[in-house]
Structure formats: C-alpha cells, structure tokens
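To keep things clear, I will list the structure first and then write my remarks on it.
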Amino acid sequence: MTVGELLQGFARVVSPDERPLMPGDARALDVPCRGVTHDSRRVEAGWVFVALRGLKADGADFAHQAIAAGAAVVVAEREPGVPTSVPWIVVKDPRLALARLAAEFFGHPSRELRVVGITGTNGKTTTGYLVGAIFEAAGTRCGLMGTVTYRIGAREFGATRTTPEAPELHGMMRQMVQAGCGACVMEVSSHALALHRADGIQFAAAVFTNLTRDHLDFHADMEEYFAAKRRLFEMLPADAPAAINADDPRGPAIMELTRRPVTYALNRTADVTPGPLSFSFEGLEFEARTPQGTVHVRSPLVGRPNVYNILAAVSVTAALDLPLDAIERGISQLHGVPGRFERASSPDDDITVVVDYAHTDDALRNLLETARPLAARRLITVFGAGGDRDRTKRPLMGMVAARLSDVVVITSDNPRTEDPNRIIDEVNLGAQPETRQRGAEVLTIVDRRNAILHAVGQAASGDVVLIAGKGHEKHQEIQGELLPFDDVAVAREALDARRLRLRVG
C-alpha cells in the first residue's frame with residue numbers, strides 16, 4: 001500500500017470543508033506506507049504522522065521532528081504555519097483520523113474477527129476472561145485485550161493500558177488474525193471511547209456491566225462518563241447483540257440504543273437469570289436460564305459480583321450462538337483471573353488472604369460483601385487510594401471499608417506525585433468513628449509492605465485478610481518512579497513469616 005492509497009481509503013472521513021494542503025512534493029504519496037503513528041519518536045521513512053493535541057503539548061509542534069525522521073505525510077488539526085517538505089492534511093478531529101488511518105493501514109482486521117467489546121466500571125476484566133475461555137472451549141482461538149494482559153494466539157504479555165491507542169489496537173488485531181484467531185475480546189475503557197481509540201472497529205457484540213463512580217478526574221461528571229461508555233453501543237452494527245445488566249440503573253438507557261438487547265439480572269425480570277445460588281470459597285454453582293436453554297454453571301470464581309460477570313458472559317456468547325455445552329466448559333475451566341479475588345493463602349493456612357483490584361467505593365463494597373459471609377471470624381481490609389486520580393471517591397472508600405470491616409488498615413496505593421499521607425488523610429475522612437461498625441478498628445500504615453505484613457501477622461485463626469486496590473499490578477508508582485511491588489508476593493512473604501512464627505511458638 002502506498003501513502004496515496006492509504007489516504008484514498010481515509011478520504012471518506014474528510015468532510016468537504018477540510019482540505020489537504022500539499023506544499024511539498026506530491027510524489028511523496030507514491031512511496032510505500034510503512035506505518036501510522038501519533039508518536040513523533042517512532043516515525044521512520046514512509047510513515048504517516050498524526051499530530052494529536054494533548055493536555056500538555058500539541059503534536060503539531062513536533063511535526064518537524066517527524067518530517068526529519070522520514071514522515072511522508074502529516075495529519076493535524078491546524079495548518080503548519082511555515083512551508084513543509086511533505087503533504088500536510090488538515091482535519092477537524094485528528095484522533096478520529098488516527099483511528100481510521102490505522103484501521104485502513106492494517107486492512108480492517110476486526111472484519112475478520114468476532115470482536116466482543118466489554119465496557120462498564122467493574123467486572124470488565126473477569127467478563128473478558130470468561131468470554132475468551134468460552135470461545136476457546138467452542139474451538140475458536142480468541143485474542144484478548146484488557147487491563148491485565150494482551151493475548152495474541154499463544155503469546156501473552158502485560159498490558160500497558162486497558163485499551164491501546166488505535167495503531168497498536170488494530171496492529172494487534174492483525175496479529176491475532178495471522179495467529180489463527182477467529183475472535184477477540186477487548187475491554188473498552190471510557191477514556192478509549194471518548195478519545196476515539198476504538199473507532200474503526202467492527203464489533204460483533206458488546207457488553208455493559210455497570211456504571212459506578214470512577215474516572216471523575218478525566219470526565220467532568222457522571223453524565224459525561226456515561227456518555228463515553230454509551231458510545232460503544234452507538235457504534236454497534238444493527239444485527240450485533242448487546243448484553244446489558246438490567247439491574248444497573250443505566251441499563252434501560254443502553255437498551256434504547258440497541259436493536260438486539262439481551263438483558264441479564266439477579267433482581268429483575270430479564271432474558272438471562274440465575275436459579276438458586278450456591279456460594280463458597282470454592283466457587284459458585286447455579287443454573288443460568290437463557291432464551292437458548294439452561295446453562296449449568298460450575299465455576300471456581302467466588303462471590304455475587306462474579307455471578308453478574310458469568311451472566312454477562314453467558315448472555316453475549318449464547319446470543320452469538322456458541323453451543324451451550326461450550327459455554328459450560330469455558331466457565332468451569334477458568335480457574336481465576338490475576339488480581340481478582342486471588343487467594344494468596346493456601347488451604348493449609350489458618351487464615352485466608354485475598355488480593356483484589358477493587359479501587360472504587362462500589363468495587364470495594366462488592367469485595368467486602370462477598371467476603372463477609374465466607375469469613376469464619378473477622379474481616380481485615382488493607383487498602384489505599386491512587387494519587388493524581390479522582391479524589392471524590394477517597395472518603396467514600398474509607399466509609400465503605402469502615403462500615404463493612406472489623407479492622408481497616410489504610411495505606412498507600414500508587415501515590416504518584418501526591419503526598420501519600422495526604423491521600424490517607426482524605427480516605428480517613430470517611431472512616432471516622434461515627435461511620436464505623438461497632439468495635440471496628442481503623443489504623444494507618446503508610447508503607448504498603450509494612451501494612452500487609454502487619455495485617456497478616458496480627459490476624460487470628462479464621463480471619464479473612466483482604467488486600468485491595470492494586471490486584472495484578474507488579475509495581476508501585478511513587479514520584480515518577482515505577483518501583484517493583486506485588487501484593488500477592490508480599491502477602492505470601494507475610495504468610496511464610498506467620499507459619500514460621502506459629503511453628504516456633
């Protein structure tokens with residue numbers, strides 16, 4: 001594909017009032033196109049550079065660097081100001097242009113995959129793993145993109161962000177096709193939807209899990225946050241099913257957008273509902289009633305939130321006509337998701353230690369309500385709140401922890417550029433004595449490792465220790481540095497010390 005051929009495919013998104021400026025040599029369009037990027041540092045000869053305006057810088061200011069590196073064309077929101085040696089195309093929305101150019105460059109790989117997009121505040125990752133496992137059980141190799149990992153065929157590597165930028169996203173989908181994948185499951189974040197990263201994807205189906213407070217450092221308010229989530233369903237083809245949580249207050253608004261809504265719920269009448277539920281630390285058992293028939297669920301996943309995740313996965317895969325026996329096998333074969341109610345303790349330990357990614361007040365409440373009926377004695381919660389992120393949820397998280405835990409240890413999460421002591425103080429505003437359950441103890445230990453060691457060391461036999469907020473993450477971000485830190489590894493270190501102390505004692 002030449003640069004000119006790429007731009008011909010792109011021309012359909014350029015409106016009549018947008019005009020290409022070609023002060024440079026138009027023969028530049030005849031060169032082979034080697035790539036599309038928004039990062040001037042990645043540009044090589046034959047690449048198309050799309051200049052994005054960010055919060056701190058305008059990509060157009062780096063266009064001269066991209067041209068010096070070999071960019072064949074620059075696409076930007078504004079004119080260059082001074083003559084350039086390559087064609088310069090002015091567009092209204094460079095982010096949309098980036099997505100459409102990336103889709104064109106990689107040959108629209110989503111058209112060769114059954115792409116299931118999953119959006120919502122909580123449950124996206126586990127639902128994605130479940131849907132992927134069901135596709136695999138049905139004999140369809142399935143790629144995966146989400147908060148924890150990217151999986152392309154047999155290759156798997158840690159995710160850098162929930163939904164990558166458009167060139168990486170379409171590039172990975174092309175690799176999935178080349179690796180023999182017939183499906184792709186992807187988490188679609190509100191940031192990605194607001195910034196057009198997922199534009200140009202042909203979705204086969206979508207899932208809406210729920211909407212609760214989060215990301216209000218990026219979105220102005222909850223309405224803007226919901227509007228971003230809603231875009232996924234506005235992008236769906238008319239014949240694509242949408243699995244929608246009917247128990248969520250925002251569910252009806254999503255239903256109105258789609259021609260093939262498939263609802264699931266625990267508390268309302270819906271297309272997909274569960275029979276009697278059996279809960280334990282060993283997993284879940286229930287029957288899911290669907291329009292296609294009954295799915296017998298036997299899952300190692302734990303807790304009521306995972307009932308919703310399983311129902312979401314059942315709803316969307318049944319609507320895509322995957323066999324019910326494959327749905328059952330896929331669910332039973334998924335033994336867990338990294339950092340999602342992940343047990344760090346072993347059956348031989350006298351306490352149970354669980355690591356979870358819960359980092360909003362709603363997710364923390366779900367985690368604590370899951371663990372409470374399973375705890376033989378006390379519930380001990382270790383958690384913090386991230387720095388440089390939505391501050392409004394901090395006291396709400398403190399309030400939830402104090403109301404539902406017997407012991408709360410407030411500590412650091414990823415403080416980033418903020419003072420961890422100030423973050424802890426804001427969390428603690430919600431954990432004052434009047435908000436605590438009777439007899440609950442609240443203490444603060446700034447160092448996260450020491451907080452985990454203390455909680456595990458001080459627990460009594462039969463207690464459950466929950467370590468929340470970071471889940472699968474393998475680092476802690478402090479003042480611009482990424483320092484190695486793994487909640488599961490530290491918890492197991494604390495359990496080793498506990499076993500030794502108990503043996504010696």
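Residues of the range 70-106 that are closer than 27 Å to Thr147 by Cβ and either surrounded by fewer than 22 Cβ atoms within 10 Å (Cβ to Cβ) or not small (Gly, Ala, Ser) (or both): Asp93, Pro94, Arg95, Leu96, Leu98, Arg100, Leu101, Phe105, Phe106.
Report, by residue number, each residue of the range 259-274 that is among the hydroxyl-bearing types (Ser, Thr, Tyr), surrounded by 18 or more Cβ atoms within 10 Å (Cβ to Cβ) and without any contact (Cβ under 8 Å) to a residue 40 or more places away in the chain.
Taking the range 259-274 and keeping what is among the hydroxyl-bearing types (Ser, Thr, Tyr), we get 263-264, 269, 273.
Of the ones still in play, those that are also surrounded by 18 or more Cβ atoms within 10 Å (Cβ to Cβ) are 263-264, 273.
Answer for the range 259-274, where residues must be among the hydroxyl-bearing types (Ser, Thr, Tyr), surrounded by 18 or more Cβ atoms within 10 Å (Cβ to Cβ) and without any contact (Cβ under 8 Å) to a residue 40 or more places away in the chain: just Thr273.
It is to be established whether one or more residues within the range 147-165 are surrounded by 23 or more Cβ atoms within 10 Å (Cβ to Cβ) and closer than 22 Å to Arg389 by Cβ. Yes, the range 147-165 contains at least one residue that is surrounded by 23 or more Cβ atoms within 10 Å (Cβ to Cβ) and closer than 22 Å to Arg389 by Cβ. Selection of the range 259-288 for residues being of a type in the set (Lys, Arg) and either touching a helix residue (DSSP H, G or I) at 6+ places or on another chain (Cβ under 6 Å) or within 15 Å of Tyr308 (Cβ to Cβ) (or both) yields only Arg268. Within the range 450-505, the set of residues being surrounded by 12 or more Cβ atoms within 10 Å (Cβ to Cβ), in contact (Cβ under 8 Å) with a residue 60 or more places away in the chain, of a type in the set (Gly, Ala, Ser) and within 26 Å of Gly146 (Cα to Cα) comprises Ala468, Gly469, Gly471, Ala491. The set of residues from the range 194-209 being more than 19 Å from Ala238 (Cα to Cα) and modelled with pLDDT under 95 comprises Ala194, Leu195, His196, Arg197. Within the range 30-46, the residues that satisfy the criterion of being surrounded by fewer than 21 Cβ atoms within 10 Å (Cβ to Cβ) and without any contact (Cβ under 8 Å) to a residue 60 or more places away in the chain are Asp30, Val31, Pro32, Arg34, Asp39, Arg41, Arg42, Glu44, Ala45, Gly46. Scanning the range 108-117 for residues that are out of contact with any helix residue (DSSP H, G or I) (no Cβ under 7 Å at 6 or more places or on another chain) and not hydrophobic (A, V, I, L, M, F, W, C) yields His108, Arg111, Arg114.
Number of residues in the range 70-107 that are assigned to a loop (DSSP other than H, G, I, E, B) and out of contact with any helix residue (DSSP H, G or I) (no Cβ under 8 Å at 6 or more places or on another chain) equals 7.
Being buried (at least 24 other Cβ atoms within 10 Å of the Cβ), touching a residue at least 60 places away in the same chain (Cβ under 8 Å) and polar (S, T, N, Q) is a condition met by no residue of the range 275-283. A count restricted to the range 114-145 and to residues that are under 21 Å from Ala326 (Cβ atoms) and surrounded by fewer than 23 Cβ atoms within 10 Å (Cβ to Cβ) stands at 7.
The values are calculated or read from the model by the stated rules, or taken from the named source; none is laboratory data. Being a predicted model, the structure only gives us computed values, none of them experimental. Cβ coordinates were reconstructed from backbone atoms using ideal geometry, including for glycine residues, and neighbour counts include every protein chain displayed.
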